[in-house]
Amino acid sequence: MQEKNASYWHVSMPNQELPVTIYEHTNQKSDIAKDDWSLHWHEALEFQFILSGSIRFNCNGHTETLYPGDLLFAGWCIPHHAVDFADNTHYYVFQVEPAWLLVENQDLALSQYRDILEVHAHSFQSFIKNDAQAGQICRQLIDIFHQRRLGWELRIKGLLLELLGLLFDSYCDVKDFDKYIGQNDNTLRYTRIVMHYVTSHYATPFTLDELAAEVGLTKSYICRLFRQHTGTTIMNYVNLLRCYQAIYMMESGVTITKAALSVGFSDYNYFSRLFKKVIGYRPSEYMSKIQAEKAKI
């Protein structure tokens, strides 16, 4: 069950001792909720593994179609939603709390990977295609979950860690790992707090002073830390989320002007320039590109 606030969801785990959910779904109306189509993000890591059919996803600002054996990875607070389902689609959804896999204690080595996974969430690829190793891990997860033999919880955690290891090894674009692994940089937690606040409040106006008060540090310090850890500014991150929300609205049939207003831009020309800076296309160009891609399917 997901508790929702605008586009930010809190994923409620049925068992806090084992904060993992595994769901089997099809493209039938009884399996697909209205919320599956809405753009959202959450702190739980999410994987969607396609067994048959296909699903067209928008994730992290990109849209692609995944087929049997392919895997979607929606990382920490990464915006994602389903765009379309093919007939006879059958897939599994895995959700897991990163703090359970990569423990909270900053003194332990695994927590450093959690910092990278969260602070650099946008550096991980979302669409994992034709990867036999990833597919094998997902199928093992499904089998172990259904059988639930003695020790199944340990095997679930081990396989999820193996899947994360594969992501770091083959699907992560973070540069200069040495800056993070072994350095035990405790300041990363402040950037995580900033990102959590922004992903929960991006749709309503807030000032950097308000954000600084929420974190409990000076404005200049949190701005410097955020740029140091992410390579971008806080406002650039806010604008990225606003553009993602605008994309979702436009793909849902909302006019470009109305989408701009809904995500906080009263000046369409400014929105168009900013959108091109963030996404690489003007809004009209982006929608033409999406329509052309859909026509090929």
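The values are calculated or read from the model by the stated rules, or taken from the named source; none is laboratory data. What you are looking at is a predicted structure, and each value in this text was computed from that prediction instead of being measured. Cβ atoms come from the backbone with ideal geometry, glycine included; neighbour counts cover every protein chain shown. The protein model used for the area step is the full one, side chains on, heavy atoms only, and it has no ligands, DNA or RNA in it. Shrake-Rupley method; radii C 1.70, N 1.55, O 1.52, S 1.80 Å.
General observations
- In segment 37-86, the residues that are part of a loop (DSSP other than H, G, I, E, B) and under 12 Å from the mean Cα position of the chain (by Cα): L39, E43, A44, N60, G61, G75, W76, C77, I78, P79
- Single match in A292, A260 (criterion: open to solvent by less than 80 Å² (accessible area, probe 1.4 Å), closer than 25 Å to A82 by Cβ and either among the polar types (S, T, N, Q) or touching a helix residue (DSSP H, G or I) at 6+ places or on another chain (Cβ under 9 Å) (or both)): A260
- Selection status of H229, at pLDDT below 85 and open to solvent by less than 30 Å² (accessible area, probe 1.4 Å): yes
- Residue list for segment 19-36, restricted to those being in a loop (DSSP other than H, G, I, E, B) and modelled with pLDDT of 90 or more: P19
- Some residue of segment 185-201 being under 24 Å from N58 (Cβ atoms) and β-branched (V, I, T): yes
- Taken as a whole, segment 88-95 holds at least one residue that is more than 13 Å from the chain's Cα centre (by Cα), assigned to a loop (DSSP other than H, G, I, E, B) and not hydroxyl-bearing (S, T, Y).
- Odd one out for N88, checked against (1) open to solvent by less than 10 Å² (accessible area, probe 1.4 Å); (2) modelled with pLDDT of 90 or more: (1)
- All conditions but one from (1) modelled with pLDDT of 85 or more; (2) assigned to a helix (DSSP H, G or I); (3) more than 21 Å from the chain's Cα centre (by Cα) apply to V254; the one that does not is (2).
- Residue selected from segment 141-166 under the condition surrounded by 15 or more Cβ atoms within 10 Å (Cβ to Cβ) and among the basic types (K, R), by the criterion farthest from the chain's Cα centre (by Cα): R155
- Tallying residues that are under 17 Å from the mean Cα position of the chain (by Cα) and open to solvent by less than 20 Å² (accessible area, probe 1.4 Å) within segment 186-225 yields 6.
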